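Report on the structure given below.
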Amino acid sequence: MDEAREDGRLVREAREGPGKARLVEPPEELHPEVLAALSRMKIERLYSHQAEAVYASWEGPTIVTTGTASGKSLCFNLPTLDVLCRDARARALYLYPTKALAQDQARALSAFGLAKQVRPAIYDGDTPREARADIRRRANVVLTNPDMLHVGILPNHPAWAELFANLAVVVVDEAHVYRGVFGSHVANVLRRLRRIAAAYGTSPRFLLTSATIANPVELAERLTGLEDFSLIARDGSPAPGRRIAVWNPPLTDEDLGQRRSALAEAAELLARLVRDGARLICFMKSRKGVEVLHKLLVADLESADSPGSGLPASGLPDDGLPLSGPELARLVAPYRAGYTSQQRRELEGRLVRGELRAVITTDALELGIDIGELDAAVVVTFPGTVASLRQMWGRAGRRGRGLAMYVAGEDALDQFFCRHPDDFLERPVEAAILDHENAQIFRPHLLCAAHEGPLSSEDAEFLGPRWEAHAEILQSAGELRHRTGGVGPTVVPGRADPGEPRPALSTYVPRDSGGYPAGEVSLRSASPDSFAIVDVASGELLGSTEAARAHSTVHEGAIYLHLGRSFEVRELDLPRRRALVAPFDGDWYTQPKRVTDTTIERLLDRRETLGVTLSFGEVSVTDTVLAYQRRRLADHAAVELVGLDLPPTSFSTQALWFEFPSAALGLGETIPLEALLGALHATEHVQIAVLPLIAMCDRWDIGGLSTNLHPQTGGATIFIYDGHPGGIGITRTAFQRFEELCHDAHRLVAECPCASGCPSCVQSPKCGNLNEPLSKAGARLLLERMLGAGGEQTMELSAKEPAGRNRSERGASLLKA
Ligand SMILES: [Zn+2]
Ligand SMILES: [Zn+2]
């Protein structure tokens, strides 16, 4: 460690905790059976936040955001069990983003030993058909996922009348997962749920949990459409003692910004920890990465007598006998997707008991809940958000000696993190963003709702004040029929007051009442318009991808990552809307080259700031994929450029754009076009790179375009747009927080030690123009001027950097991120 501190690899060390627990008596108002169950489980006292959550849940909707392993489940299980003990007819619905988590929770509920009062059952795609009717009848806690609620439960609500007529509690666990496209869908599903429940005369209490994010209450309100959420954020559980280490692999070429690979660096660190006897878990984003890291680690362990880590000996095995290299190598395992929950539990058990030293895995969410006894949690490359980094780190914390480590990659965000670890770690920065009114998402759900019961003015309470405008559009499209007069809506059979005659109302009903619209809406994509991904050998359907992205992600020859596995696209079948793929094990990846046009369709908001005119609105984006580049995985070197012949595609979305008044910025005719373009293009890249810090999203969710002359604005303009059809609010947030965005972008580019641009600053792994032209100095100057930090300098771009070598095929005026 000392050595690493000296050579700058260890960029931050901190110690957290251990902190004392704040314990309180369980609320004595809880039902005696629940109190008895707690004492049977030897839970004599609660953490303060658990008791607070119980009281809050009795008052109104509640969201809990305390740390990993702080006993969040108890926060919603206690009020739920209380209701079920008091009311034999009451029902609860638990929503989990994954099947595995639902299974863990079903086990946790059974552990209370209240078999008479509490009958949990999992209802998901794996539930055998013959068991379903019994679950509908008997279970009083139904654990499911939003997809099943959307496609299986809500459309068939008459079969679930018992549940809806007695629905007391809805639990939404891991709510931060519901953001972006998925979140925008789930927000609609939850509104439909509230609407159907109301039709059966119930108004269930919503209890949510989330990782630490910047906007938990806003997320809860946007997800459910309810207001007045109580926030329980003060964690009463004992903070585990933990050392935090942020590790940056050393630069191998400072000018080019090249670093030693994070995988190689991590393998070495892990090997040392394993030799020291630590039990650890290691997280990586891609399955490929997991496999490579596992191989490197095994190789390192097998090559005997390497040095120990110099890290604190964190839990030596009790027998203390040194193991040989090959013996150690057998104690590490990769942890792949597709394990059953029993296999997962077994692996976790072996890890906790010390029969395994290290597990390398892709996704924290797939893990069970109770493995908080590990010595170390190592995260290799930035997982996308600080919230998930913290969740992964939360696995470490054994007897006050846990080590939470992060090994940085070369991406811009990774390196930005390494320069400002305190900024990242000391405040929740990211907001979970969703937009349930995205027309492409909202309208299909409105149609689903109409199938679940006629739409009427009463639905504004659930579907929002603008639902009718959308219903009119669906009517013109021939999907809905407007009905006035006649008998008022009985809305739903089983309604609490079915006999009441109602005044004649205006309603919307489906034109085709026999349809099943929910079956055509996937909660995981922005548009029902999609391409199927099919295994060429087996014909198996692996998944689907949005049509708007198909040309750039699954063109012929593309290397496509699906659920952590790599595939090579053999054929993109445009008429049949499918991509035929084969498993891929090669050592390259691909990057599409394309040209893009944006057309401003509608201006929604505008303000003057930082010397530019900043706008937000709707745009249409037209893309033509021209070619793709093969690059070596090891060093990203370009191997080959392969031409493609694909027609243009276009979609509408939300965007922000800003125009530079040429006089104000001193953009005179003296600046060579190439230099100006390089400056604009690089500015666009760095802004996109830091956008995930404001709005929880991936840089792959965002697109950009910069031009020295946009036909509609008449000047130099940078566009940043939502990559999903219709947009999901990412650029709206960026519009509102534009000054922060520019500030972070400026820091990113100004602080990078490279000479003229590198993958850690202005280069983008997804640039449609293959990162040309780019001017790091130009971007820095532009941003400095915008932030008023640039003084009276003039733009002297041409002398500092070589111009880009290779222009876009359509002339240099359009550049695509
Ligand atoms: Zn750089
Ligand atoms: Zn670009």
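The values are calculated or read from the model by the stated rules, or taken from the named source; none is laboratory data. All figures in this text were calculated on a predicted structure; none of them were measured in a lab. Quick reminder, even Gly has a Cβ in these numbers, built from the backbone with ideal geometry, and neighbours come from all protein chains shown. All accessible areas refer to the heavy atoms of the entire protein, side chains included, with ligands and DNA or RNA removed. Shrake-Rupley method; radii C 1.70, N 1.55, O 1.52, S 1.80 Å.
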Residue hits (the range 747-764; closer than 20 Å to Pro250 by Cβ, within 14 Å of ligand 2 (Cβ to nearest atom) and of a type in the set (S, T, N, Q)) are Gln763
Go through the range 673-701 and give me each residue that's in a helix (DSSP H, G or I), closer than 22 Å to His724 by Cβ, away from ligand 1 (no atom under 16 Å from the Cβ) and among the aliphatic types (A, V, I, L, M).
Leu691, Leu693
Give the residues of the range 765-777 that are within 14 Å of ligand 2 (Cβ to nearest atom) and not hydroxyl-bearing (Ser, Thr, Tyr), sorted by residue number.
Pro765, Lys766, Cys767, Gly768, Asn769, Leu770, Asn771, Glu772, Pro773, Leu774, Lys776
Name the residue that is farthest from the chain's Cα centre (by Cα), counting only residues in the range 112-171 that are closer than 24 Å to Leu208 by Cβ and small (Gly, Ala, Ser).
Ala165
Among the numbered criteria (1) open to solvent by less than 10 Å² (accessible area, probe 1.4 Å); (2) among the hydroxyl-bearing types (Ser, Thr, Tyr); (3) in a helix (DSSP H, G or I), which one does Ser73 miss?
(1)
Quick check: anything in the range 790-813 within 13 Å of ligand 2 (Cβ to nearest atom) and either under 22 Å from Phe416 (Cβ atoms) or modelled with pLDDT of 85 or more (or both)?
no
If I filter the range 207-220 for residues that are more than 27 Å from Asp698 (Cα to Cα) and either open to solvent by less than 20 Å² (accessible area, probe 1.4 Å) or in contact with a Phe, Trp or Tyr (Cβ under 9 Å, 6 or more places away or on another chain) (or both), do I get at least one hit?
yes
Could you tell me whether any residue of the range 698-707 is over 21 Å from Val595 (Cβ atoms), in contact with a Lys or Arg (Cβ under 9 Å, 6 or more places away or on another chain) and surrounded by fewer than 17 Cβ atoms within 10 Å (Cβ to Cβ)?
no
Is it the case that the range 271-291 has a residue that's open to solvent by less than 10 Å² (accessible area, probe 1.4 Å), closer than 30 Å to Ser57 by Cβ and assigned to a loop (DSSP other than H, G, I, E, B)?
no
Do we find that Arg419 is closer than 16 Å to Trp247 by Cβ, open to solvent by 10 Å² or more (accessible area, probe 1.4 Å), at pLDDT 90 or above and not acidic (Asp, Glu) in this structure?
yes
Pairs, please: C-beta under 6 Å, at least 6 apart or cross-chain, first residue among the acidic types (Asp, Glu) and in the range 693-715, second crowded, with 24+ Cβ neighbours inside 10 Å?
Asp701/Gly723
Checked against (1) part of a strand (DSSP E or B); (2) away from ligand 2 (no atom under 13 Å from the Cβ), Gly704 satisfies every condition except (2)
So for the range 671-681 (the condition being away from ligand 2 (no atom under 14 Å from the Cβ), touching an Asp or Glu at 6+ places or on another chain (Cβ under 7 Å) and at pLDDT 80 or above), does at least one residue qualify?
no
On the given criteria, is Leu30 in a loop (DSSP other than H, G, I, E, B) and open to solvent by less than 10 Å² (accessible area, probe 1.4 Å)?
yes
Test of understanding: among Val11, Val54, which residue is hydrophobic (A, V, I, L, M, F, W, C) and open to solvent by less than 10 Å² (accessible area, probe 1.4 Å)?
Val54
